[in-house]
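No lab work stands behind these numbers, since they all come straight from the coordinates. Predicted model only: the values in this text are computed from it and were never measured. With ideal geometry, Cβ positions are generated from the backbone for all residues, glycine too; neighbour counts draw on all protein chains shown.
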Ligand code: ADP
C-alpha cells in the first residue's frame, strides 16, 4: 500500500480523498494555488505545497509544478479527483514516467474515452446501444444534412472532445445546419483544442441514467447500479438520485450486466461511469467518464462501498474487496449540488462566508470544505458543497432532504439552497416524473 498520496485537486473533492487516505493510514499532500491557502483541505492535509497563482492553468493544470510537488514530498501516488487533470492522458503518462502511481485508468483508456467519437464506436462493438447518428466525425454541413435527413430532425451537433456540458448545438431543421456545424466547430477548437464534431439524434424527453462500474487489476469487474441525473441546467447536473425512479430491478440488473461485460471486454481498470440517455425503455450510450464523479456519494450511500478507498486499493494492485453478488442496494439517496450563485439567475456569488451551520442527523452527509470566515474564491467552479441524504424509501429520503435543507445555514453569500428547497416540493420531482429538459422548462416558467 502507498505511504503518501498527493491530491491533485482542490475543494470538497480534495477533502473527500484526504478523508479516505486518513482512514487507510496513508499520509496526504495537498497542492494549492495562492487563492486556496486557507482552504480546509490544505489545513487538514499532512503536508501542503503551493503550486502557483490563482488561474487554474498556472496551478491545478500546471503539470510540472504538480510533479515537482510530488517529488519534493516523496509521494508515491497521485489522485487527480474530478475535473482539472483527471481525464488528461498525458498527465497520467507523465506521472507514470516519474515512477509515481496514477490513481485512475490507463492513459490508453483515458484517451479512447476522451474522444467521444472513438468511445461510441468501441462501446457499440462491445454490445452497448448508442444514440443513432453519424458513425464518426462530420467534416462539413452537407454531410451533416444528409445524415440528419436519414435519422430525422431535431439533431444535436457535439464536439468529440466536449465536456462540462459545452460544445453542443441543437438543430431543428436543415436551414440551421450550416451555422450550427460551424459554430460548434469553432467553440470546440477554442475550448478543447480539437474541432472535430459529430451528429446525434436529439432525444426530446430522455432521462440521464448512468452506471457506476469498478474494475481491479485481476479481472474483477462489478457494476454498482445507476444514478439518475436528469435534473440539469445547461447540460449540467443539479440534483442526482440513486436508484433511478424510472428503472425496475430487472432493467437495472440487465443493463448493469451488459455494462459490466463490456467493461470487462475493454480490459478497463479503475472506477468509471457509463452515461446513457433513457427513453421509452431504451438505453442509448452518450459517453464514458474515466474518473470519480461529483455524484459518487449517492452510490456510496446505497451500496455502503467507499469508492475512493477502492480506487486507492486498485491502484496499489489489491483485488476488489467484494464481488458482484456481494453488492446489495439499500434504500435511496439524493444529492443536491450547492453552488455559490444566485439561486434563480445563477450569477456567481463568491465572497466571505458569515454564519455557517451544517445539517446533521441520521442519513445526512455534507461533502464540503467551507467554514465560517472562509472566502469563496472567484476563480473556480462555483460548487461549494454537496448535501447527500439517504433513507429507507424515496419518500423518507425526500422528507429528510426537506429537513436537512431547512437546517443548512450559509450566510454572507448567495447559494442555490433556496432553489433546491423549491424543486424538491414540486409534484413532478416528488413523483420522479422528470426528464433532462424538465428543469430548464421549469426555470423558464418561474423566471418568466
Ligand atoms: P458532457 O461531456 O459535456 O457532459 P454529454 O455527452 O455527457 O456531454 O451530454 C451532457 C448532457 O447533454 C446529457 O446529459 C443530456 O442532457 C444532453 N445531451 C447529450 N446528448 C444528447 C442527445 N443526443 N439528445 C438529447 N440530449 C442530449
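In table form, for the structure just shown:
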item	result
Rough spin-label spacing in nm, given labels placed 7 Å along Cα→Cβ, for residue 174 and residue 204	2.0
20 Å cut-off, amide nitrogen to a point 7 angstrom out along residue 58 Cα→Cβ, residues in region 1-26	9-11
Along each principal axis, Cα extent of region 132-201, largest first, Å	29, 21, 19
Two-site label geometry, residue 186 and residue 426: point separation in nm, points 7 Å out along Cα→Cβ	3.3
Cubic angstrom per residue, convex hull over Cα atoms of region 290-413	139
Average Cα contact separation per residue, region 247-369, under 8 Å, 6 or more apart, as relative contact order %	15
Relative contact order, percent, the chain [alpha-carbon distance under 8 Å, six or more residues apart]	14
Gain on full stretching of the segment that runs from residue 402 to residue 280 - 0.36 nm per residue minus C-alpha separation	40.9 nm
Relative contact order [Cα under 8 Å, 6+ residues apart], region 132-201, whole percent	44
Distance (nanometres) between label positions extended 7 Å along Cα→Cβ at residue 395 and residue 93	5.6
Per-peptide average of other Cβ atoms within 10 Å, ordering 222-233, 429-440 highest first	222-233, 429-440
Computed Kirkwood radius, in angstrom, where 1/r is averaged over Cα pairs of region 4-103	12.9
Cα centroid of region 369-448 to Cα centroid of region 66-105, whole Å	33
Additional length obtainable on full extension of the chain from residue 143 to residue 321, 0.36 nm per residue less Cα span	59.1 nm
Length gained when the stretch residue 328-residue 153 is fully extended (0.36 nm per residue, less Cα-Cα span)	58.8 nm
Gyration tensor verdict on the chain (Cα atoms; rounded if a/c is under 1.5, prolate if a/b is larger than b/c, oblate otherwise)	rounded
Ellipticity estimate at 222 nm from DSSP helix runs (n ≥ 4, -39,500 (n - 2.57)) divided over the chain, nearest 500	-10000 deg cm²/dmol
Antiparallel content of DSSP bridges confined to the chain, in %, to 5	80
